[in-house]
Structures are given as structure tokens and as C-alpha cells.
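**Student:** The structure under discussion is supplied below as C-alpha cells; questions concerning it will follow.
All of the numbers you see were taken from the coordinates with simple rules; none came from a lab. All values reported here derive from a predicted model rather than from experimental measurement. Here the Cβ is made from the backbone with ideal geometry for all residues, glycine too, and neighbour counts use every protein chain on show.
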Amino acid sequence: MYGRNSEPVQLYRDCAGVLIPSGDQVILRKGTNGFITQALGGSFTIYVDGSLFRIDGENADALGKEIVPPPALPPEASREDVEQLVWDQLKTCYDPEIPINIVDLGLVYRCELVKLEQDEWRVEVDMTLTAPGCGMGDILVHDVKSKLEIIPTVKRAAVELVFDPPWNQEMMSEAARLQTGMYY
């Protein structure tokens, strides 16, 4: 079913996964065979026995892959440095079925840094989904939140799913539209 971009894989240990698109949590067992169909942003989508599963980057070793190191900031980082790293981290978040990051998909409606005490920040994000009924919404929100909260100086990330305005293909970046063939 999957072509030359898919990589065969056998799990080295039991690991948690999420069934796509329902969002159900599952345990994939050691020795399970499948194919990595997407490896973007530190997480993986694997095809096993007719189903797709998302594997978080913290379980990369179960697939024989390296865990992506956390982001770093230079000493005495400015607000602009933090803001750039926030956007860089958002671009490591992918819909597990679409190989385009959530920023280029146009799913991030708002991203603001709020200054806390000393050199600490709260990041507030409003984002949407390509389809309101998608079972992966909570998974994507968790992914965004956890990737923002590992940024040095970010004390907390508040990520809200919103559906107004409804997402449409015109919200995609030009690069994303070209990549998906939805350029008009």
C-alpha cells in the first residue's frame, strides 16, 4: 500500500500510540511490524495492519530512531529570540495525515507571548483543525503545548482549539498549496 517513501519498521519495545483519525490511545507491542509513512517534527506516523498510528517523538527509540533534542536559546535571549523559537517549534507540529506543518496549513490563528516575572513567558495559541470533527484535535493541542513548554523561559503554554472562522484551503501558505496541489 505504501510506496518508496515508506520505511519498514519493527518495534523494539512496547510503546504508546494514537489511532488515526479517532484519537484513541493504544499500546503497540514489541515485535509489531509496520511502515513509517511520515517522520516529521520528531513524531512518526506508522501503518500497521491497515491502520495508521501516531507515535510521539519521546518513543522514537521504540522505532530505532533518535529522540529529537529539546530546543535551546542563547544566553540573554531577547523577546524576538523567544518568539522566533516559538514559531520554529510550532512548525514542528504536524497533522499526522498531512505532511505539512500546522503553521503552513494555516491552522494557527493567534500566537502571543505574555511576559511573566523576570525572563519567563506564557505563550497563548488559538488554533483550529482542517475538519472540526477530527479525533486528533486533543492530540494536536497536546503536541503544540508540550513542544512550546520545553522552550527555555516558557513557563506555560495555553493552547485553545477554535472553529471560528472555519478553516479553508485559502488559509494555507503558498508553499503548502503547491505541495498539496491545491494552488489556484
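**Student:** If the viscosity is 0.890 mPa s and the temperature 25 °C, what translational diffusion coefficient in µm²/s does Stokes-Einstein give for segment 110-168 when Rh comes from Kirkwood over Cα pairs?
**Tutor:** The Stokes-Einstein estimate is 201 µm²/s.
**Student:** Pairing the Cα long axis of helix 79-90 with the longest principal axis of the chain, what angle in degrees results, from 0 to 90 and rounded to the nearest 10?
**Tutor:** 20
**Student:** OK, next. Work through the residues other than ALA16 whose Cβ is under 12 Å from its Cβ and net out their charges, Lys, Arg +1 and Asp, Glu -1.
**Tutor:** -1
**Student:** Okay, next question. Based on alpha-carbon centroids, what's the gap between segment 37-82 and segment 158-184 in Å, whole number please?
**Tutor:** That distance is 22 Å.
**Student:** Still on this structure, I have one more. Sort the following peptides by mean Cβ neighbour count (other Cβ atoms within 10 Å, averaged over residues), highest first: 88-99, 49-60, 70-81.
**Tutor:** On the way: 88-99: 20.1, 49-60: 17.3, 70-81: 11.0.
Those peptides, ordered most packed to least, come out 88-99, 49-60, 70-81.
**Student:** Below 21 Å, Cα to Cα, which lysines can LYS30 reach? Residues fewer than 8 away in the same chain don't count.
**Tutor:** Filter leaves LYS65.
**Student:** Next up: May I ask for log10 I(q)/I(0) of segment 7-63 at q = 0.17, 0.21, 0.23 Å⁻¹, from a Debye sum over the Cα atoms as equal point scatterers with solvent left out?
**Tutor:** -0.43, -0.68, -0.83
**Student:** On average over all directions, what projected area in square nanometres does segment 27-153 have, based on the convex hull of its Cα atoms? Could the numbers behind the result be given before it?
**Tutor:** Numbers: hull surface 35.0 nm².
The orientation-averaged projected area of the Cα hull of segment 27-153 comes to 8.7 nm².
**Student:** Okay, next question. Using a simple charge model, +1 on the beta-carbon of Lys and Arg, -1 on the beta-carbon of Asp and Glu, nothing else, what dipole does the chain show about its Cα centre, in debye to the nearest 20? Mind showing how you got there, number by number?
**Tutor:** Values: 16 positive and 29 negative charges, 111 e Å.
Dipole of the chain, to the nearest 20 debye: 540 debye.
**Student:** What's the angle, to the nearest 10 degrees (0 to 90), between helix 137-149's Cα axis and the longest principal axis of the chain?
**Tutor:** 50
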